[in-house]
Amino acid sequence: MQMVLKCADIGHLAAPPRTHRRWAFQLEEEFFRQGDKERACGMPVSPLMDRSTQGGMTRSQLGFFSIVGIPLFKAMVDLFEDAKPMLDGVLANYAHWENNTDLADLP
């Protein structure tokens, strides 16, 4: 059950590329706002949450897909064959980030 909930939580990885990118950039902005609040409170800014550094969460998409997304959705397909279209979407978005690393600079 926890795996199904996690897949739902990061389900944008399986969405059409345009929708997935929109989610990724919105999440990055949320991360940056947290980093802004950390800085304002005099705290160290958490990794991937510092808008003053080059990149951010969108720069880490390939790693997130490789370490979390792809293995999770593969495990889901191992249990539920009908989840294969979701894995296909995840793999398509991974390929999209891999082939278009310059998109990490575009909102």
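The values are calculated or read from the model by the stated rules, or taken from the named source; none is laboratory data. What you see is a predicted model, and the numbers here were worked out from it, not measured in a lab. Side chains included, ligands, DNA and RNA excluded: accessible areas come from the protein's heavy atoms. Shrake-Rupley method; radii C 1.70, N 1.55, O 1.52, S 1.80 Å.
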Going by the conditions given, is R51 within 28 Å of Q2 (Cα to Cα), of a type in the set (K, R) and modelled with pLDDT under 90? no
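One line per residue, one yes/no per condition, for (1) modelled with pLDDT of 95 or more; (2) in a helix (DSSP H, G or I); (3) among the small types (G, A, S); (4) open to solvent by 90 Å² or more (accessible area, probe 1.4 Å):
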residue: V4; (1), (2), (3), (4): no, yes, no, no
residue: L13; (1), (2), (3), (4): yes, yes, no, no
residue: Q26; (1), (2), (3), (4): no, yes, no, yes
residue: F32; (1), (2), (3), (4): no, yes, no, no
residue: V45; (1), (2), (3), (4): no, no, no, no
residue: L62; (1), (2), (3), (4): no, yes, no, no
residue: D88; (1), (2), (3), (4): yes, yes, no, no
Which listed residue, of A15, A40, is over 17 Å from L62 (Cα atoms) and more than 10 Å from the chain's Cα centre (by Cα): A40
